[in-house]
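S.K.: Dumping the structure here so I can ask a few things about it.
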Amino acid sequence: MKRIALVGLYSIPNMGDRILCETSRYLLEQSSSGIEIIEVDVCPRYKQDYSGLDYLKYRVSRKLKTVAEKRFEYTNSSSFRYHYEYFMWWLRLNRYYRKILKNVDAIMFAGGGFLKFRTQGLNYYVEQIIKIAQKHRIPVMMNSVGIEGYSETDIRCQKLKRIINSECVKIITTRDDAKTLRGNYIVNPAVETARVGDPALWTPECYGVSKGEPTVELGINVIRGKVFTDYGNTCSYEELKEFYQRLIKAATQRNISWRLFSNGMKGDQAFGREILYEMHLPVAGNLLPAPKSSEGLLAMICSFGGIFGARLHACITAYSLDVPVVAFIWNEKIRMFADIIGKPGSFFEEREMDVEKVLDRFVTETAQHIPYEVKIREQLKMLTKSYVEKFLFQVTTNVR
């Protein structure tokens, strides 16, 4: 029996990432019965996950991260920053990776924004894991990953490019920007690439859920206030807060019932509370409690007639469940998702964030029952599954 390491963001409180991990596991299980799946949390987040010397390294790494957050601006792409942050994550994670990946037969990244380098530090995780895989000749698949930018001059990007062209990397599929993946990142012709659907499109099958009768017309997905500026945009913390407040007031004036909800991140939930406090509205009944499981987030989304989305996987899971989605665009991945599903008119650029236009579009999508193109969604799902099956065939038949 082959042992497959499924790498994902298991402990992050964003339940969208949990859904990615669980739907990816579902795809693996549906694709082959002759495998053992080893779940690898790409970054254990809590002190109880570490002991002894590893706990000391964890504490030092946390201190280094605090310094990095204060010292390095979004636009800083210096060599010093790369080496500082690489050491910071190496100190915390490298021994853990070497231990947990010992004796696995293959590695699959579950999906999500692993091909990014400006925020979060996922590039450092990818670099360390693939270096271990290359050393031990372990085949790697990056499944339905997000491609978030490219730079010829940013050392973080170029280090990421170099490592994903390693001999051990067999397949990289993306949920969005196949053009950048093929045209900029991949130079090794042996690495197979394709654009596929996000694993979360398999939500109905994985969890056995479907859209029911909604109890609230509009679910307003809240996201942390600095998300636009953190990704190089201009909408400030206060401006985003005011947008949400205007949206709530306009929905109330139109007699559209609404609730705020988050994907579970503390910063998102806190921002939702702040929005309501300043409007002198009670939190209870207006902001749903943070979901503690993927099933909890899905239950929220199924309770709405439609959602105003912010987090990508609030949008993707709603789409998978035929719940209408209107959203704003704070990152290229949101724009690409809108284009892929054929709904660019329902997703609003930063300069277009007018609450009346947003609500007009919401009413159109829900009242007129405009369906999604099911054929597009099914094609994306089948492509995702076919490449997972192809990788597993290579692994189980020892095709390296």
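The values are calculated or read from the model by the stated rules, or taken from the named source; none is laboratory data. The structure presented is a predicted model; accordingly, all values stated were derived computationally and were not measured. With ideal geometry, Cβ positions are generated from the backbone for all residues, glycine too; neighbour counts draw on all protein chains shown. Side chains included, ligands, DNA and RNA excluded: accessible areas come from the protein's heavy atoms. Shrake-Rupley method; radii C 1.70, N 1.55, O 1.52, S 1.80 Å.
S.K.: Given the criteria more than 30 Å from residue 266 (Cβ to Cβ), of a type outside the set (Ser, Thr, Tyr), touching a residue at least 24 places away in the same chain (Cβ under 8 Å) and open to solvent by 10 Å² or more (accessible area, probe 1.4 Å), does residue 171 qualify?
M.R.: No.
S.K.: Condition check: under 24 Å from residue 12 (Cα atoms) and buried (at least 19 other Cβ atoms within 10 Å of the Cβ). Does residue 138 satisfy that?
M.R.: Here the answer is no, as residue 138 does not meet what is asked.
S.K.: So is residue 162 among the charged types (D, E, K, R), open to solvent by 20 Å² or more (accessible area, probe 1.4 Å) and more than 30 Å from residue 379 (Cα to Cα) or not?
M.R.: Yes, satisfied.
S.K.: Shifting gears a bit: Select from segment 209-260 the residues that are touching a Ser or Thr at 6+ places or on another chain (Cβ under 7 Å), of a type in the set (S, T, N, Q) and open to solvent by 50 Å² or more (accessible area, probe 1.4 Å) and write down the one among them that is nearest to residue 305 (Cα to Cα).
M.R.: Only one residue fits best here, namely 215.
S.K.: Could you tell me which residue of segment 153-168 is farthest from residue 109 (Cα to Cα), considering only residues that are touching a residue at least 40 places away in the same chain (Cβ under 8 Å) and over 22 Å from the mean Cα position of the chain (by Cα)?
M.R.: Among them, the one singled out is 153.
S.K.: Across segment 337-366, what is the number of residues that are without any contact (Cβ under 8 Å) to a residue 24 or more places away in the chain, open to solvent by less than 30 Å² (accessible area, probe 1.4 Å) and basic (Lys, Arg)?
M.R.: Residues that pass the stated criteria total 0.
S.K.: To continue, here is another question. Determine, yes or no, whether residue 376 is free of Cβ contacts under 8 Å to residues at least 60 places away in the same chain, buried (at least 19 other Cβ atoms within 10 Å of the Cβ) and under 18 Å from residue 199 (Cβ atoms).
M.R.: no
S.K.: Which one of these is of a type in the set (Lys, Arg), within 30 Å of residue 385 (Cβ to Cβ) and touching a Lys or Arg at 6+ places or on another chain (Cβ under 8 Å): 137, 95?
M.R.: Going through 137, 95 in turn, the sole match is 137.
S.K.: So, one more: Could you list, in sequence order, the residues of segment 177-191 that are open to solvent by 10 Å² or more (accessible area, probe 1.4 Å) and touching a residue at least 40 places away in the same chain (Cβ under 8 Å)?
M.R.: The one that is open to solvent by 10 Å² or more (accessible area, probe 1.4 Å) and touching a residue at least 40 places away in the same chain (Cβ under 8 Å): 177.
Let's see how each residue does on (1) of a type outside the set (S, T, N, Q); (2) at pLDDT below 95; (3) more than 24 Å from the chain's Cα centre (by Cα):
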residue: 42; (1), (2), (3): yes, no, no
residue: 45; (1), (2), (3): yes, yes, no
residue: 48; (1), (2), (3): no, yes, yes
residue: 61; (1), (2), (3): no, no, no
residue: 87; (1), (2), (3): yes, no, yes
residue: 94; (1), (2), (3): no, no, no
residue: 100; (1), (2), (3): yes, no, no
residue: 109; (1), (2), (3): yes, no, no
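S.K.: Among the residues in segment 367-386, are any under 19 Å from residue 143 (Cβ atoms), modelled with pLDDT of 90 or more and of a type in the set (Ser, Thr, Tyr)?
M.R.: Taking every residue of segment 367-386 in turn, at least one turns out to be under 19 Å from residue 143 (Cβ atoms), modelled with pLDDT of 90 or more and of a type in the set (Ser, Thr, Tyr).
S.K.: Evaluate segment 201-208: report whether one residue or more is in a helix (DSSP H, G or I), free of Cβ contacts under 8 Å to residues at least 60 places away in the same chain and open to solvent by 10 Å² or more (accessible area, probe 1.4 Å).
M.R.: No, that holds for no residue.
S.K.: Also: Only residues that are open to solvent by less than 20 Å² (accessible area, probe 1.4 Å) and closer than 16 Å to residue 245 by Cα: list them for segment 270-306, please.
M.R.: Hits for segment 270-306 are 271, 272, 275, 276, 287.
S.K.: If you check 334, 316, which single one turns out to be at pLDDT 95 or above and either open to solvent by less than 50 Å² (accessible area, probe 1.4 Å) or farther than 24 Å from residue 179 by Cβ (or both)?
M.R.: 316
S.K.: For segment 86-117, which residues satisfy the criterion of being without any contact (Cβ under 8 Å) to a residue 60 or more places away in the chain and either within 21 Å of residue 17 (Cβ to Cβ) or among the hydrophobic types (A, V, I, L, M, F, W, C) (or both)?
M.R.: Scanning segment 86-117 gives 87, 88, 89, 90, 91, 92, 93, 96, 97, 114, 116, 117.
S.K.: Here is a follow-up. Does residue 385 count as of a type outside the set (A, V, I, L, M, F, W, C) and within 19 Å of the chain's Cα centre (by Cα)?
M.R.: It is true that residue 385 is of a type outside the set (A, V, I, L, M, F, W, C) and within 19 Å of the chain's Cα centre (by Cα).
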